[in-house]
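Here's the structure, in structure tokens; my notes come after.
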Amino acid sequence: MTGFVIFIFGSVIVGAGAMLSPAYPTRQPRIGLAAALALALIMGGAVFYGTAFGWDTLAVDYMLFLLVVGIFLGGTLSYGQKRAEDRGEELLDADQGWPGPWDLVGLLGAFALFAALAMTSPPAQADLWAASAEQIKSGAGLYAVPVAPGAPVLAAYLSHQLGDSTANTLTAIAVVVAGLLAWVGYDFGAEMRDKRLGRILALVGGLVGLGFFLTGQIGLLMAALWLLVMGLATLRYIRTPNRVDLVASGLMLGAAGLALPVAAMAGLLVWVFGAAQTRKTLFIVGVPVIAALATLPTLLIGLR
């Protein structure tokens, strides 16, 4: 059953990334980056709603529906072509910059490797996270769980909708997040320099994900993904200021805190670095404000 959850969850997230990536104003479509953003929006939205109004799987269904509808109605698959046409360019299919076949084999192979490991030796230390997910499903409240709510919220939702145990669902989530860590590493290198650097960083990201996966550090695994996305968005903003990257940096700072509170400190260091490099008031003020608004219910509960 774990394999089924991995396939469904992974297909939805990677598929959303493939459709959303042309709309993100990168040099070429970045599937891993867009998939990670989609996952962060789902996780963050579920925690926001569940903390503010009480746990309800129907609310998460609506978020997924709005995400998919927004992708289709926004015409993201043709958005990259439109941007090129606005610049007076004719962008042929072969020049759109999607990952090549061997790159795709390697990136999807990372998912397959983590899935195979999940079948033979599931991540350790998953019991506490599973117990937290069960508390959320029972209606105990997100503020009552003993760990950060990010991973347990996803596990509570997926286990309810797919009819599997929360422990197996957490394993599936760890597989997808670890695979995305490698893919976002690839996007990071390709966006900053070229695909050769992307392949190197994909290997580094995969190895980091493997270490966290085998030791069962699910919160740290998710936080590492959000911080990597935040780092990429911040560097892109330093290079060419763009409000999309500003918003992404703020959302990822908030998502990192929801996955593992201490990770918010690392995110603040990324923000300080970006602020020192850009010295733009919009970035200096905007990133923490967006992060605070995205996690407001959780912050208010923490201040009680």
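The values are calculated or read from the model by the stated rules, or taken from the named source; none is laboratory data. Keep in mind that this is a model prediction, so the values were computed, not measured. Glycine gets a Cβ as well: all are built from the backbone with ideal geometry, and neighbour counts include every protein chain shown.
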Show the residue pairs that are 6+ apart or on different chains and have beta-carbon atoms under 6 Å apart, the first residue being within the range 178-193 and surrounded by fewer than 24 Cβ atoms within 10 Å (Cβ to Cβ), the second being part of a helix (DSSP H, G or I). Gly189/Leu197; Gly189/Gly198; Gly189/Leu201
What number of residues in the range 4-37 are small (Gly, Ala, Ser), at pLDDT 90 or above and buried (at least 24 other Cβ atoms within 10 Å of the Cβ)? 4
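Residues are listed down the side, and each one gets a yes or a no for (1) in contact with a strand residue (DSSP E or B) (Cβ under 9 Å, 6 or more places away or on another chain); (2) modelled with pLDDT under 90; (3) over 23 Å from Thr51 (Cα atoms):
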position: Glu90; (1), (2), (3): no, yes, yes
position: Gly100; (1), (2), (3): no, yes, yes
position: Ser121; (1), (2), (3): no, yes, yes
position: Asp127; (1), (2), (3): no, yes, no
position: Leu197; (1), (2), (3): no, no, yes
Only one of these is in a loop (DSSP other than H, G, I, E, B), under 20 Å from the mean Cα position of the chain (by Cα) and aliphatic (A, V, I, L, M): Val175, Val147, Val184. Name it. Val147
Being of a type outside the set (A, V, I, L, M, F, W, C) and either within 19 Å of Gln161 (Cα to Cα) or free of Cβ contacts under 8 Å to residues at least 12 places away in the same chain (or both) is the filter here; which residues of the range 106-118 pass it? Gly109
Top-ranked residue in the range 187-206 [being charged (D, E, K, R) and over 18 Å from the mean Cα position of the chain (by Cα); ranked as nearest to Ala233 (Cα to Cα)]: Arg193
Name the single residue, out of those in the range 119-145 being hydrophobic (A, V, I, L, M, F, W, C), touching a Gly at 6+ places or on another chain (Cβ under 8 Å) and surrounded by 18 or more Cβ atoms within 10 Å (Cβ to Cβ), that is farthest from Thr166 (Cα to Cα). Leu142
Taking Glu134 as meeting all but one of (1) free of Cβ contacts under 8 Å to residues at least 40 places away in the same chain; (2) under 14 Å from Gly216 (Cβ atoms), write down the number of the exception. (2)
Long-range neighbours under 9 Å by Cβ, at least six apart or interchain, first residue more than 8 Å from Ala130 (Cβ to Cβ) within the range 149-167, second modelled with pLDDT of 90 or more and aromatic (Phe, Trp, Tyr): Gly150/Trp226; Leu154/Phe9; Leu158/Phe9; Leu162/Phe9
Can you name the condition, by its number, that Leu203 falls short on among (1) surrounded by fewer than 24 Cβ atoms within 10 Å (Cβ to Cβ); (2) touching a Ser or Thr at 6+ places or on another chain (Cβ under 8 Å); (3) not in a loop (DSSP other than H, G, I, E, B)? (2)
How many residues, within the range 265-283, are in contact (Cβ under 8 Å) with a residue 24 or more places away in the chain and of a type in the set (A, V, I, L, M, F, W, C)? 6
Check on Thr234, polar (S, T, N, Q), more than 29 Å from Phe53 (Cα to Cα), in contact with a helix residue (DSSP H, G or I) (Cβ under 8 Å, 6 or more places away or on another chain) and modelled with pLDDT of 90 or more: yes
Given the conditions (1) in contact with a Phe, Trp or Tyr (Cβ under 7 Å, 6 or more places away or on another chain); (2) surrounded by fewer than 24 Cβ atoms within 10 Å (Cβ to Cβ); (3) β-branched (Val, Ile, Thr), which single one is not true for Thr240? (1)
Test Gly209 against the criterion of being assigned to a helix (DSSP H, G or I) and either under 18 Å from the mean Cα position of the chain (by Cα) or in contact (Cβ under 8 Å) with a residue 24 or more places away in the chain (or both), and give yes or no. yes
Give me the residue from the range 5-60 that is more than 15 Å from the chain's Cα centre (by Cα) and among the polar types (S, T, N, Q) and, out of that set, nearest to Arg243 (Cα to Cα). Thr26
